[in-house]
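Scroll down for the structure; my scribbles are underneath it.
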Amino acid sequence: MTDSSAPTVYVETYGCQMNVSDSELMLGKLSAAGYVPVDQPDGADVILVNTCAIRDHAEQRVLGRLGELKRHMKKDSVMGVTGCMAQRLGPQLLEKAKHVSIVIGPDGYRALPQLVDGARRGRKSINTTFDLEEHYEDFTPRRFDKVKAWIPVQRGCDYRCTYCIVPTTRGSERSRKLDDVVRETHGVVAEGMSEVVLLGQTVNSYSDGTHDFADLLRAVGGVPGIRRVRYTSPHPNDFSDRVIAAMAEVPAVCEHVHLPMQSGSTRTLRRMLRRYSREGYMECVEKIRRAIPGVTLTTDIIVGFPGETDDEFEETLSAVREIGFADAYTFIFSPREGTPATRMPEESFVPADVASHRLQTLVDTVRTASRARNMGLLGTRHEVLVEREAKRGEAMLMTRTRDFKTVLVPGDASMLGQYLTVELTGTTGSTFTGAVVRERMPLPMAG
Ligand code: SF4
């Protein structure tokens, strides 16, 4: 029975899965301190906005949202900004948004209850100190999802891609102990879930000093009750033979790899400091495909990076055609203050109209190829996990195959978390519709 006098907290999350996982940690920490999470900002005692700094657009959106959220505040409500934008801007945020009283970076959530209590007594505070030991091991995440669990296995990043703000906002790379990740995975199964997504900026460079990512995949995949293991985001350079062998040999590891390419041109990759060439990336794709036939690949690509010529862009298109990605997250280069790319010669910056045109050409190229491939899959049968009720229309469920296809099937919320066999009946090009062939009851609980 919720204590109605208990203070309430509303958390709004922007950005990547790592931020979603951090919001779950923050809600767990505050719940343990007596705060009651609510899913609407109206009248909440505490409003936290967990932010992303990956593109300027993301930050502008948050600044606008902070203004909107002010209208939902009671006289004594407090508002805090957390995450990468908080880490990047720190005290500037208290200037830009006077109604904000707490600014906390990704390593500062341990002090959250004290800082929130202080703010409720009128004290403003900033905590953007990096803590390279911090993994919030004693926090109990309050998970948003009831079907799959985000499990952070690493924080920070040691790469220095010239366009990326993450090393500045999340610090250098450090990994959790394998035993702690396995302990959390047992907890996830006990909560009734059978799928985990391992999170890290370059998750496959995981190392706790004794174990590497291959060990981690085998250990997590071996937990009774775990049927699906996914991970994001890997770096092409960290797919060692050991890691690829584990991906191929551990039954729970799903046949999907999100493999950021960023560009298909070695010259552009060099200016991005991605530390691999076009050939190196292609080799990585080949190694993965040899070990896991039929594996689905998706990717991230940036167009309009400073100095990108028509020929270099054409190399990106030819790589996309050659590899045949199932899908791609595509972006126009966004200069981030403090990143080396912003110090590249002014004249090397790609005009906005050229960049937009390239983006459209790229999107069309990816979609045309994936649509043709997906049309060829109609009539095939797949195991899916029911993840949530579909946004579009009623009595439709959003389900996911092992190789990351989205399939909409008829059904209701009582089927969440179930595994079904479906036959693909239609496609929009990226999303499928399906008919349930046979319902497979979820495996009995572990332990
Ligand atoms: S690998 Fe590169 S793009 Fe990815 S988080 Fe690290 S610095 Fe950023």
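Points to keep in mind about this one:
- Test: residue in segment 300-309 that is over 26 Å from C157 (Cα atoms) and at pLDDT below 95: no
- Subset of segment 123-148 that is closer than 14 Å to G80 by Cβ and open to solvent by 60 Å² or more (accessible area, probe 1.4 Å) - its residue that is farthest from the chain's Cα centre (by Cα): R123
- Test: residue in segment 291-298 that is away from the ligand (no atom under 16 Å from the Cβ) and free of Cβ contacts under 8 Å to residues at least 24 places away in the same chain: yes
- Residue list for segment 389-407, filter: modelled with pLDDT of 95 or more and part of a strand (DSSP E or B): L397, M398, T399, R400, T401, T406, V407
- Qualifying residue in segment 200-222 (condition: crowded, with 20+ Cβ neighbours inside 10 Å and farther than 23 Å from P260 by Cα): yes
- Restricting S370, S348 to those that are crowded, with 17+ Cβ neighbours inside 10 Å and either at pLDDT below 95 or of a type in the set (S, T, Y) (or both) reduces the list to S370.
- Some residue of segment 280-288 being within 25 Å of E312 (Cα to Cα) and assigned to a loop (DSSP other than H, G, I, E, B): no
- Condition met for R61 (touching a helix residue (DSSP H, G or I) at 6+ places or on another chain (Cβ under 6 Å) and among the charged types (D, E, K, R)): no
- Cβ pairs under 9 Å, 6+ apart, first in segment 148-163 and of a type in the set (D, E), second within 14 Å of the ligand (Cβ to nearest atom) and open to solvent by 10 Å² or more (accessible area, probe 1.4 Å): D158/P167; D158/S172; D158/E173; D158/Q201; D158/S205
Quick grid of which residues meet (1) over 27 Å from the mean Cα position of the chain (by Cα); (2) more than 16 Å from E315 (Cα to Cα):
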| position | (1), (2) |
| --- | --- |
| D353 | yes, yes |
| V363 | no, no |
| R367 | no, yes |
| R371 | no, yes |
| M375 | yes, yes |
| G379 | yes, yes |
| V384 | no, yes |
| R388 | no, yes |
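- Among the residues of segment 156-169, those that are more than 8 Å from the ligand (Cβ to nearest atom) and out of contact with any Asp or Glu (no Cβ under 7 Å at 6 or more places or on another chain) comprise T162, T168, T169.
- Selection status of F130, within 16 Å of the ligand (Cβ to nearest atom), touching a strand residue (DSSP E or B) at 6+ places or on another chain (Cβ under 8 Å) and either closer than 30 Å to R274 by Cα or modelled with pLDDT of 95 or more (or both): no
- Test: residue in segment 175-194 that is touching a Pro at 6+ places or on another chain (Cβ under 6 Å), among the aliphatic types (A, V, I, L, M) and outside any helix (DSSP H, G or I): no
- Counting only residues that are open to solvent by 20 Å² or more (accessible area, probe 1.4 Å) and either at pLDDT below 95 or not β-branched (V, I, T) (or both), segment 259-273 holds 4 of them.
- Being closer than 28 Å to C52 by Cβ, β-branched (V, I, T), open to solvent by 40 Å² or more (accessible area, probe 1.4 Å) and touching a strand residue (DSSP E or B) at 6+ places or on another chain (Cβ under 7 Å) holds for only one residue in I332, I301, and it is I332.
- Among residues of segment 226-273, those that are part of a strand (DSSP E or B) and within 16 Å of the ligand (Cβ to nearest atom), counted: 5
- Lone unmet requirement of (1) without any contact (Cβ under 8 Å) to a residue 60 or more places away in the chain; (2) open to solvent by 20 Å² or more (accessible area, probe 1.4 Å); (3) within 14 Å of the ligand (Cβ to nearest atom); (4) under 22 Å from the mean Cα position of the chain (by Cα) for Y276: (4)
- Single match in V116, V103, V153, V147 (criterion: of a type in the set (V, I, T), farther than 18 Å from N50 by Cα and more than 16 Å from the ligand (Cβ to nearest atom)): V147
- Scanning segment 195-221 for residues that are part of a strand (DSSP E or B), of a type outside the set (A, V, I, L, M) and within 16 Å of the ligand (Cβ to nearest atom) yields a count of 1.
The values are calculated or read from the model by the stated rules, or taken from the named source; none is laboratory data. Being a predicted model, the structure only gives us computed values, none of them experimental. Using ideal geometry, Cβ is built from the backbone for each residue, glycine included, and neighbour counts are taken over all protein chains shown. Ligands, DNA and RNA are excluded from the accessible area calculation, which covers all protein heavy atoms including side chains. Shrake-Rupley method; radii C 1.70, N 1.55, O 1.52, S 1.80 Å.
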